[in-house]
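Data block below; observations after.
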Amino acid sequence: MGKIKVLDEKTRLKIAAGEVVQNPASVVKELLENAIDANATKIEINIQKGGKQLIEVIDNGMGMSPDDAELAFQRYSTSKISDISDLETIHTLGFRGEALASIAAVSHVELITKTKENPIGTRIVVRESKVITIEDAVRADGTTVRVKNLFFNVPARLKFLKTSKAEFQIILDIVSHYSLHYAPIHFTLTHDGAKILESPASTTRLDKIFHIYGKDIAKNMIPINYVTPLLQISGFISKPVIQRGTRKFYTIFVNNRLIKSKLIIDAIDDAYKTILPKNRHPLVVISLDLDPSMIDVNVHPTKQEVKFSQEPLIYDTLRKIILDSFDREKLIPKVEIKESEKAKLIQKEKSPSSPKTVITVQQKLIKPSKVPVPPKEPESISPTPTPTAKLPPMKIIGQVHELFIIAADSENLYIIDQHAAHERIMFEKFLKKLEHDPLQTQTLLSPITIELPLQDTVSLPSKLAILKDFGFEIEPFGKTTYRITKLPIILGKTVKREEIPLIIDELLQKIDPNSKKIPSRVEIAQLYGCKAAIKAGDKLTLSQMENLYHDLQKTDNPYVCAHNRPTIIIFPKSELERKFHR
């Protein structure tokens, strides 16, 4: 007898369900899309125990007839396509006809639905893909789907689900994305009886951003709008004052479908890298609309990934739109030359004695093994280093772009990143202080209120006690508003108000109460040292630059900042001479 055999129907259904139903959030997504396809204007989602116990989606859409309701639980049953050619022109969200069948294979499902044409509704109960009950039911137009005991018959899948709170967090993220995009739909989301999200129908996405992210973020969003016969891009992107440590606040829809696209994410990141620090990300709510024939939405069972036929066009267009919006909002500082200085430059340009030379210099990172030999006349150099200094003595020349410090010795030219250098200094000082003393705090006479995105407020209550260990005393002051009564003191200075949301955001990412994971002393020193350091754009006096370099010399590792970016690069004199053909 051969080894190959055909799997039974029950096993095949469970395998197919595993491709579509990965967690409670994937069930919510499928049911949400069905409700949207049914032209619902109001969708209510009720969750219990993170979706493990109950997922209920109630809509006021067009509903289903009794025959259609029964047929909907069979695999590959769909009203969205008729043959393979329809896959090239898909305008709906669901089209495979697998959602209800897959969900019913791994849970207990109850469906109640009614159409406008039928005076009475239909109730269907399904257990492990088998229809148990079909009966009349009283209901207003629309559909209710209740999914109970998810993965009750797939213990391996059930075992790997996260905690109820963690699973609900994923559901909240999904519902928030859909609410941000579908402005005309009223969304409500509850968890264990508590209303978490209330997003009324609106004519604008900015109103939705207000309801999901709060007014502080809403007032710092930039509208984008680009329309051609081939491609349309619209939505909102955040100003650089709004920053987050993850990309989870990227809401990206293509032809009204929530997707994950490396191409689009890379275009956003590439544009923002000009104005945001490394590993900081914006909030974006954007939608792309293009001819369905230009995309393939059938490349992944969850329909979250798509392929584009004209990737360069989409990448370049989106990146340029974002950069243009920065310029329009005057977010990128430009060097402006005064008229008197401009006249001098023009006159100098006309002079035949003024050569036009372009210099390209290869930059090299200073490493401990290649420290240049100090000059023979140290008395002309300031400041004087200690005998154990890892960096050579050099003369500070000045500051350019309010970002870099220029210095030189007899053999080399140096460029120092003022923020990276000061971050290294503050990191080491703060780390040494934490080794001997507890973190100092200051009680505020006037508490500070901040708004946090709705997605962050779900996990925040369980983390408040841990945040206290890191100098923050925070208490609820509304749905998404919190009041801060105590702040950490970093080397004698309290945290700046504008830094508070950034620090809290990074701390929340590092805290996991369930696994008892909390930030280490090194991570805290990295975070607080970075926030306490001088920034790009800070103007420094010559004395301040000299003191900064003197402090950098005394650090244990002056070559990189706390996040391993270089603090200083070297341009050897010999290399400069070669470039000038000397």
**Residue count for the stretch 484-506, restricted to those that are touching a Lys or Arg at 6+ places or on another chain (Cβ under 8 Å) and either acidic (Asp, Glu) or more than 18 Å from Thr449 (Cβ to Cβ) (or both)** = 4
**Request:** Within the stretch 465-523, track down each residue that is over 16 Å from Gln440 (Cα atoms), polar (S, T, N, Q) and part of a strand (DSSP E or B).
**Result:** Thr481
**Request:** Output the number of residues of the stretch 453-464 satisfying the condition of being assigned to a loop (DSSP other than H, G, I, E, B) and more than 17 Å from Leu502 (Cβ to Cβ).
**Result:** 2
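Per-residue answers, yes or no, for (1) of a type in the set (Ser, Thr, Tyr); (2) without any contact (Cβ under 8 Å) to a residue 60 or more places away in the chain; (3) loosely packed, with under 15 Cβ neighbours inside 10 Å:
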| residue | (1), (2), (3) |
| --- | --- |
| Asp417 | no, no, no |
| Ala420 | no, no, no |
| Lys429 | no, no, no |
| Pro447 | no, yes, no |
| Thr481 | yes, no, no |
**Asked** Which condition number in (1) modelled with pLDDT under 90; (2) part of a loop (DSSP other than H, G, I, E, B); (3) surrounded by 19 or more Cβ atoms within 10 Å (Cβ to Cβ) is the one that Leu13 fails?
**Response** (2)
**Prompt:** Taking the stretch 539-560 as the search range and keeping residues that are more than 34 Å from the chain's Cα centre (by Cα) and hydroxyl-bearing (Ser, Thr, Tyr), which one is nearest to Arg424 (Cα to Cα)?
**Reply:** Tyr549
**Prompt:** Does Leu180 qualify as being assigned by TED's automatic domain parsing to the domain that holds Asp37, closer than 18 Å to Leu318 by Cβ and not in a strand (DSSP E or B)?
**Reply:** yes
**From the options Lys429, Lys390, residue that is at pLDDT below 90, assigned to a helix (DSSP H, G or I), over 24 Å from the mean Cα position of the chain (by Cα) and in the same structural domain as Leu552 (by TED's automatic domain parsing)** = Lys429
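So if I check each of Phe151, Phe160, which one is aromatic (Phe, Trp, Tyr), at pLDDT below 95, surrounded by fewer than 15 Cβ atoms within 10 Å (Cβ to Cβ) and not assigned by TED's automatic domain parsing to the domain that holds Arg257?
Going through Phe151, Phe160 in turn, just one is aromatic (Phe, Trp, Tyr), at pLDDT below 95, surrounded by fewer than 15 Cβ atoms within 10 Å (Cβ to Cβ) and not assigned by TED's automatic domain parsing to the domain that holds Arg257: Phe160.
Listed here are the residues, each with its yes/no results for (1) hydroxyl-bearing (Ser, Thr, Tyr); (2) within 18 Å of Ile185 (Cβ to Cβ); (3) outside any loop (DSSP other than H, G, I, E, B); (4) in the same structural domain as Arg497 (by TED's automatic domain parsing).
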| residue | (1), (2), (3), (4) |
| --- | --- |
| Leu197 | no, yes, yes, no |
| Ile217 | no, no, yes, no |
| Ile222 | no, no, yes, no |
| Asn225 | no, no, yes, no |
| Gln232 | no, no, yes, no |
| Ile237 | no, no, yes, no |
| Pro240 | no, no, no, no |
| Thr246 | yes, no, no, no |
| Thr251 | yes, yes, yes, no |
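The values are calculated or read from the model by the stated rules, or taken from the named source; none is laboratory data. Note that the structure is a prediction, hence the values are computed from the model and not measured. Ideal geometry is used to build each Cβ from the backbone, glycine not excepted, and the neighbour counts take in all protein chains shown.
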